[in-house]
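Notes follow once the structure below has been shown.
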Amino acid sequence: MYEIIKSDISVIPKHITKSQVDEISEVIKGWKYLRKPEYQRDRDILIHRLMWQTGGRVDDICHLTVEMLVWKDSLIRLWTKKRKKEVYLQMEKSILYDLKNFKENYNISTGRFWDITRQRVWQKTQKWAEKIGIRLHPHMYRHGNAVYLMLKQQPTALISARLGHANTAITQSMYQKVTPEMQKELLKDVEF
């Protein structure tokens, strides 16, 4: 079921960890913005959180619209440009609440939440990462989401569906590896 990796985890795609996500959240909160500081901070925190929680590609997050939110079911209908299909993602109520507040605070009634390019998000991501001493690009959030869900022992079918993979074999070949970190997590409640 899993391929065991001794110490070389280079076969797992480079990814961001949950603790690094938390550190970057603090960096964004303390960032000094020159123009529209509240708007930019709120936008950047939401983009950062969405990249982590959805595992969506940066371009898909940049093109998130008000119409893609299904408030009553706590869903985001994320349009995946690469696969040319919608992926329905169950979301935490807190991020939907923050999106709703963002929409109301900045008078967004329809259309895109923000006018930002994937290139600009790429630049911002690199600057945030520099502040905590790591190298990062937006796609590492996608990999981090998958690795995190694997560590939390979520079914491969769920992870595959959330990432919009054509089948679970793609997800398994990329992420279903057992690292020393995963062994520790998986065996924490096992007595020998």
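The values are calculated or read from the model by the stated rules, or taken from the named source; none is laboratory data. Quantities reported herein were computed from a predicted structural model and do not represent experimental measurements. Heads up, the Cβs are rebuilt from the backbone with ideal geometry, glycines too, and the neighbour counts pull from every protein chain shown.
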Assess whether GLU130 counts as being touching a residue at least 24 places away in the same chain (Cβ under 8 Å), of a type outside the set (A, V, I, L, M, F, W, C) and part of a helix (DSSP H, G or I).
no
Taking the stretch 135-156 on its own, how many of its residues are under 29 Å from LEU187 (Cα atoms) and either at pLDDT 95 or above or not β-branched (Val, Ile, Thr) (or both)?
15
Here the qualifying pairs (Cβ atoms under 6 Å; residues six or more apart or on different chains; first in the stretch 86-108 and more than 14 Å from GLY55 (Cα to Cα); second of a type in the set (S, T, N, Q)) come out as LYS93/SER74; LEU96/SER74
Just one of (1) in contact (Cβ under 8 Å) with a residue 60 or more places away in the chain; (2) assigned to a helix (DSSP H, G or I) trips up SER19, so point out which.
(1)
Got a number for residues in the stretch 109-127 being in contact (Cβ under 8 Å) with a residue 24 or more places away in the chain and either surrounded by fewer than 17 Cβ atoms within 10 Å (Cβ to Cβ) or of a type in the set (Lys, Arg) (or both)?
8
Give the number of residues within the stretch 45-77 that are touching a residue at least 40 places away in the same chain (Cβ under 8 Å) and farther than 21 Å from SER25 by Cβ.
5
Looking at the stretch 44-90, which of its residues are within 22 Å of VAL147 (Cα to Cα), in contact with a His (Cβ under 8 Å, 6 or more places away or on another chain) and either assigned to a loop (DSSP other than H, G, I, E, B) or of a type in the set (Gly, Ala, Ser) (or both)?
ARG57
